[in-house]
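Right, one structure below, let's go through it.
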Amino acid sequence: MTIRDMKVFLAVCEMQSMSAAAAKLNISQSAVSQAIRAIEKHFDTKMFDRVGNKVYLTDSGRNMAGCSAHLVSYMSHMESLMRSNSRRKLLHVGAFGHTIVVDLTQKYQEQNSEPEIAIHVHSPSELISMLSSGVLDVIITDSKPSLPGLVSQYVCTNKAAFICHPNSKLHPLLEAEHPVLQLQDLENMPMLLRDEGNTSRLQFDSLMLANNVNFFCKGVFTSYEGIFSAVDRDLGIGLATDRSSSAAAHRYKRIDVLGAELSHEVYISYLARKENTPYLTDFCDFALQHVTDLYNTLTSV
């Protein structure tokens, strides 16, 4: 099994067809079939169920698709670095949300022509792994990473916020100008939540479990903007962050949920052994001075 096999596999996933994948990659259909057979033989499991001219991922195939996408992405990144003739000085910065790192990079580059900031947005666990392996120089995370040999500095605290449509018809309790709910009331509400790796989501799940409150998860989103979009359509109660929802307060109604005071701390981190890396500490000092101000203007985190 090779990286080429994985690229072929991902093309089949996208096109849901061996022949269409072959056409997209400009290779023969037999070459596509050979690559898929190599993967299935390597793992001794079927990746696709074939129905007519279309193919559909099995459970093993879905797992393979996620892993292959990451591996192919990392390989492309490595090839780009190794083959580049550029002498540009780069600092690789990762964050758990796109807005904060994009805004911070813009502000930094306005004042500094070097180094060029390369932006990476991933889940906290992926950020820690990439930092440990040397792919990233600096990471901004929504909790303090537990990694040996790490220098982590506190940036700010971000509180969670419950929001709903300003004229929500989901439940009579939400029709008040300033809704106040008990934790148990959420059992009757459709919830719009971040993905399970998100810190606020983990805290919410733990709180509900500890209080024996079952809830209906109406939607799971990889960004807060997705939650806001669903709240705009009155599909449920959104669990966002205090700063992200305050920045667009005219779109939503805040809900006080008694006994559900959730928050997380934001940290900027780098490996101690890389402390003398050019520009690294300068960028971190800059970030510590400006991240809090940037957070106050976020529309999503």
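Brief remarks on what is shown
- Förster-model FRET efficiency, 35 Å R0, S206 and E177, C-beta, rounded to 0.05: 0.70
- Dipole check for the chain: with +1 at the C-beta of Lys and Arg, -1 at the C-beta of Asp and Glu, and the Cα centre as origin, the magnitude is about 1100 Debye.
- M1 - accessible surface, heavy atoms, 1.4 Å probe, Å² rounded to 10: 90 Å²
- Isotropically averaged projected area of the stretch 21-67, using the convex hull of Cα atoms (one quarter of hull area), nm²: 3.5 nm²
- Length-normalised contact order of the chain in % [C-alpha pairs under 8 Å, at least 6 apart]: 20 percent
- Pairs of lysines in the chain whose Cα atoms sit within less than 23 Å of one another amount to 17, provided the residues are eight or more positions apart or on different chains.
- Accessible surface of S133 - all protein chains present, 1.4 Å probe, nearest 10 Å²: 80 Å²
- Between S263, S206, S19, the residue with the greatest mean-square fluctuation in the GNM of the chain (Cα pairs under 10 Å linked by springs) is S19.
- Hull-based mean projected area of the stretch 75-181, where the convex hull spans the alpha carbons, in square nanometres: 11.0 nm²
- When +1 charges are put on Lys and Arg Cβ atoms and -1 charges on Asp and Glu Cβ atoms, the dipole computed for the stretch 1-121 relative to its Cα centre reaches about 340 debye.
- Charging the Cβ of each Asp and Glu at -1 and of each Lys and Arg at +1, and nothing else, the dipole of the stretch 15-85 about its Cα centre rounds to 160 debye.
- Over the chain: helical MRE at 222 nm, DSSP H runs n ≥ 4 each giving -39500 (n - 2.57), nearest 500: -13000 deg cm²/dmol
- Among the protein heavy atoms of the chain, carbon and sulfur supply 49% of the accessible surface, probe 1.4 Å, non-protein parts ignored.
- Measuring only protein heavy atoms, the 1.4 Å probe finds V121 accessible over about 70 Å².
- For semi-axes √(5λ) of the Cα gyration tensor in Å, the value computed from the atomic coordinates appears in the list [x] 35, 20, 19; [y] 37, 31, 17; [z] 27, 25, 19 under label [y].
- Eigenvalues of the alpha-carbon gyration tensor of the stretch 124-183, scaled by 5 and square-rooted, set the equivalent ellipsoid semi-axes at 41, 12, 9 angstrom, largest first.
- The eigenvalues of the Cα gyration tensor, multiplied by 5 and square-rooted, give the stretch 3-87 an equivalent ellipsoid with semi-axes of 25, 15, 11 Å from largest to smallest.
- With loop membership from DSSP and a limit of 13 other Cβ atoms within 10 Å, the longest segment of the chain without trypsin sites (Lys or Arg not before Pro) is 1-86.
- Counting DSSP beta bridges with both ends in the stretch 160-244, the antiparallel % (nearest 5): 35 percent
- When GluC sites (Glu not before Pro) are flagged only if DSSP places them in a loop and at most 13 other Cβ atoms lie within 10 Å, the longest unflagged stretch of the chain comes out as 1-176.
- Using C-alpha pairs under 8 Å with a sequence gap of at least 6, the mean separation divided by the residue count of the stretch 1-144 gives a relative contact order of 18 percent.
- The stretch 189-294: radius of gyration and largest Cα-Cα distance (Dmax), Å: 17.4, 51
- GNM result for the chain, Cα springs below 10 Å: residue of H178, H42, H92 fluctuating most strongly: H42
- Using only Cα coordinates, the Kirkwood hydrodynamic radius of the stretch 1-47 works out to 10.2 Å.
- Choice from T45, T277, T105 showing the highest fluctuation, given a GNM over the chain with Cα pairs closer than 10 Å: T45
- Distance between the stretch 105-124 and the stretch 130-195 - C-alpha centres, whole angstrom: 24 Å
- Where the chain is the region considered: accessible area per residue in Å², 1.4 Å probe: 52 Å²
The values are calculated or read from the model by the stated rules, or taken from the named source; none is laboratory data. No experiment lies behind these values; they were computed from the predicted model shown. Here the Cβ is made from the backbone with ideal geometry for all residues, glycine too, and neighbour counts use every protein chain on show. In case anyone asks, the SASA skips ligands and DNA or RNA and just uses the protein heavy atoms, side chains included. Shrake-Rupley method; radii C 1.70, N 1.55, O 1.52, S 1.80 Å.
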